[in-house]
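The values are calculated or read from the model by the stated rules, or taken from the named source; none is laboratory data. Please read all numbers here as calculations on a predicted model, not as lab measurements. Every residue, glycine among them, receives a Cβ derived from its backbone with ideal geometry; neighbour counts consider all protein chains shown.
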Amino acid sequence: MTIIHISAECYPVAKVGGLADVVGALPKYQNSSKVSSQVIMPFYDNTFTKENVFTTIYSNEINLGNTLVNFNVKTLKEKPLDFEVFFIDVPELLFKDYVYSSDDTNRFLAFQIATLDWIRTWKKHPDIIHCHDHHTGLIPFMLQESYKYEAFRKIPNILTIHNAQYQGWFSHIKVGLIPSFNFNNVGLLDWGGTINPLAAAIKCAWRVTTVSPSYMEELKVDANGLESLLSAENAKCSGILNGIDTDVWNPETDHYIIKNYNAKTINIGAEANKRYLCDTFNLDFEKPLFAFIGRLVGEKGSDLFPDVFKIALERNNLNILLLGSGNSFVEQQLETLKKDYIGTYNAFIGYDEKLSHIIYAGADFLLMPSRVEPCGLNQMYALRYGTIPIVRSIGGLKDTVIDISKENGFGICHDNVTVLEIINAIDRGVALYKNQSKYKKIRKKIMEIDHSWDVSAQEYINLYNSIN
């Protein structure tokens, strides 16, 4: 069985969020003697493409409306990844030093059309086409409706929704950019009076998955306008919890962290990484270290951090370290806090892959007060490294973290995204840290939890087999 994953992101080639981590790991874990899993993605002007050598294996042009656009298909000359990646190079549209911008309609339409045009030339078509998020959402529609892709009608295709808040909306004025189809079916593209690629994919894909079971149920109540559609298409929808790449995220072998460790040596290993963080960011090693890693956006609850951090630092003996970027106003507030809480608070505004690994290894607690969290990978990374997650019970966080007040619990959970509830959760973390015997027992326990891709990858293969 040949599976083609089509995505705007794939770690380590191009990463903006969790989508990249999933597409960079799932194919690797799916590959076996019976399955060949490959990725098709855009060719960006980024660090990865500058540091590697590529070979052009195909060149042609597509019609984007009335405009001819040249494209190339490239592969890596050497094979640094555990699966095959093909790159769609559309120089005038995709070859940028960013993944997303404020006007991506033409960019990702060109990517999708070029991808399908190239697949048309293959001697043997793939057995499954697996699309990820709205950037590839018009592919299920084109496979079903566009005349030029009639040969693909019987190829099963799947949509995975990583984040339904983003849907790729654009005006019907641009409908002519899509390869011609029976215009009587234009309603398949529409949702709320605009062309909505994510909605079109939900309507046309053979199966729709989300990245956790709870997120699928939540989308039927709150999906940024798609609630009724997902409820109507419920029969073909399911949630499959993401996994993590346990080769990359392994404290025993992780080359980024200061000292490697396993569940038996966590006390020594985590201590070395915490000391590094405290020395680097002028924090007190003796105090519990609470950390946040991620985007400073409303979805993550980060707009509450300035108030949360002030109160937490005033009422508790603790350290807080933040790694992230996003909303400029929040960034400014978090930077200003550094002057008022020297020695107990610090922030790195931006992103640093190495530092993120060290934080997972050295922090005592990881904060994730998300308003929306389709799956969440950070809490799984934290568990893998023995860092106790403090999460809002929603989406994948609800599926992966059990509160310490419950049987077999190992994390700290709260129900709502408010300053008071986040503060109370931090208070519980401080209390747990003071009980060092219980705290250390939980840290060892959570390192043994298996969130590898092995199980999830097989669930996807089972889904493919059910429709192939």
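Brief remarks on what is shown
- Residue match in segment 212-226 (condition: part of a loop (DSSP other than H, G, I, E, B), outside the structural domain of T344 (by TED's automatic domain parsing), closer than 26 Å to I461 by Cα and over 23 Å from the mean Cα position of the chain (by Cα)): no
- Residues satisfying the stated conditions in segment 15-52, i.e. in a strand (DSSP E or B) and either among the hydroxyl-bearing types (S, T, Y) or out of contact with any strand residue (DSSP E or B) (no Cβ under 7 Å at 6 or more places or on another chain) (or both): S36, S37
- Condition check for K438: of a type in the set (K, R), under 27 Å from K310 (Cα atoms), surrounded by fewer than 15 Cβ atoms within 10 Å (Cβ to Cβ) and outside the structural domain of L219 (by TED's automatic domain parsing): no
- Segment 1-35 - residue that is of a type in the set (S, T, Y) and modelled with pLDDT under 95 and, of those, surrounded by the fewest Cβ atoms within 10 Å (Cβ to Cβ): S33
- For the condition closer than 25 Å to E252 by Cβ and small (G, A, S), G326 does not qualify.
- Filtered residue count, segment 183-208, keeping only those that are assigned to a loop (DSSP other than H, G, I, E, B) and either among the small types (G, A, S) or at pLDDT below 95 (or both): 3
- Looking across segment 146-182, the residues that are part of a helix (DSSP H, G or I) and closer than 29 Å to A20 by Cα come down to Y149, F152, K174, V175, L177.
- Among the residues of segment 97-104, none qualifies, meaning not one is in the same structural domain as C237 (by TED's automatic domain parsing), in contact (Cβ under 8 Å) with a residue 24 or more places away in the chain, crowded, with 17+ Cβ neighbours inside 10 Å and closer than 24 Å to C237 by Cβ.
Residue-wise test of (1) within 22 Å of the chain's Cα centre (by Cα); (2) more than 28 Å from I257 (Cα to Cα); (3) touching a residue at least 60 places away in the same chain (Cβ under 8 Å).
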| residue | (1), (2), (3) |
| --- | --- |
| N378 | yes, no, yes |
| T387 | yes, no, yes |
| V391 | yes, no, no |
| L397 | yes, no, no |
| V401 | yes, no, no |
| F410 | no, no, no |
| N416 | no, yes, no |
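- Answer from A431, A425, A457 - the residue that is in contact with a His (Cβ under 6 Å, 6 or more places away or on another chain) and of a type in the set (A, V, I, L, M): A425
- Options D127, D97, D133: the member that is closer than 20 Å to Y44 by Cβ, of a type in the set (D, E, K, R) and out of contact with any helix residue (DSSP H, G or I) (no Cβ under 7 Å at 6 or more places or on another chain): D97
- In the set (1) in contact with a strand residue (DSSP E or B) (Cβ under 8 Å, 6 or more places away or on another chain); (2) part of a loop (DSSP other than H, G, I, E, B), S356 fails one condition alone, (2).
- Set T253, T246: member being out of contact with any Phe, Trp or Tyr (no Cβ under 6 Å at 6 or more places or on another chain), in a loop (DSSP other than H, G, I, E, B), among the β-branched types (V, I, T) and surrounded by 14 or more Cβ atoms within 10 Å (Cβ to Cβ): T246
- Residues considered: K15, K34, K28. Of these, the only one that is among the charged types (D, E, K, R) and touching a Ser or Thr at 6+ places or on another chain (Cβ under 9 Å) is K28.
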